[in-house]
1. Between the helical axis of 59-89 and the dominant principal axis of the chain, each derived from Cα atoms, what acute angle in degrees is found, rounded to the nearest 10?
2. In the chain, which cysteines lack any other cysteine Cβ under 4.7 Å from their own?
3. Calculated FRET efficiency, residue 44 and residue 118, Cβ-Cβ r, R0 30 Å, to nearest 0.05?
4. Among 104-114, 149-159, 54-64, how do they line up from the highest to the lowest mean number of other beta-carbon atoms within 10 Å?
5. On a 0 to 90 degree scale, rounded to 10, what angle separates helix 141-162 from the longest Cα axis of the chain?
6. How long is segment 1-59 along each principal axis, judged by its Cα atoms, biggest number first, in Å?
7. Roll a 1.4 angstrom probe over the protein heavy atoms and tell me the percent of accessible area of the chain that is carbon or sulfur.
8. Please calculate how many Å² of accessible area segment 1-161 carries per residue, with a 1.4 Å probe and no DNA, RNA or ligand atoms counted.
Amino acid sequence: MLILLAFIIVFHITSAALLFISTIDNAWWVGDNFSTDVWRICAKNTSICTAITDQFREYQSIQAVQATMILSTIFCCVAFLVFILQLFRLKQGERFVLTSIIQLLSCLCVMIAASIYTDRHEELHKSNEYSIEVSEGQYGYSFVLAWIAFAFTLISGVMYLVLRKRK
């Protein structure tokens, strides 16, 4: 049981790390001479970064992605704290339902963020407000990490749902 508990804790911390990296790092959309995320766009050759503000045509979509990624990260961290509290407070045989619900909310938020970005990426990168041409790019590793974090949080949420506290 101790090995299972250690695995679940490591899995949850890995999920949170993936969410932090995908939310913060500047690699949702990359090209030969630029990289962009949901916060800013950076030119690689000059190292000049420009914040994505309300001047951009699809700023509402970017704000939705920002908000849901932040919510997902917060829910994942709160779920870990609730798990630790429930670990010591639950009686034997009870399930970690509250932890599971919060982790599944994290899963839902990261899915919404990645889905919005997937759906709106063409309109996002055809904006005339960009100082460099960003339409000729591809998804970066932060975007891929967001989808991996979705899978990890989903698996983690289901694990908490079926996990019972035993001796």
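1. The angle comes out near 20 degrees.
2. Those would be 76, 77, 107, 109, since no other cysteine Cβ in the chain comes under 4.7 Å of theirs.
3. About 0.80, to the nearest 0.05.
4. Packing order, densest peptide first, comes out as 104-114, 149-159, 54-64.
5. Between helix and principal axis, roughly 20 degrees.
6. If we take the Cα atoms of segment 1-59, the spans are 53, 25, 14 Å.
7. In the chain, the share of accessible area belonging to carbon and sulfur is 66 percent.
8. On a per-residue basis, 52 Å².
The values are calculated or read from the model by the stated rules, or taken from the named source; none is laboratory data. Because the structure is predicted, anything quoted here is derived from the model rather than measured. Because the Cβ atoms are built from the backbone with ideal geometry, glycine has one as well, and the counts that use them run over all protein chains shown. SASA here: full protein model, heavy atoms, side chains in, ligands and nucleic acids out. Shrake-Rupley method; radii C 1.70, N 1.55, O 1.52, S 1.80 Å.
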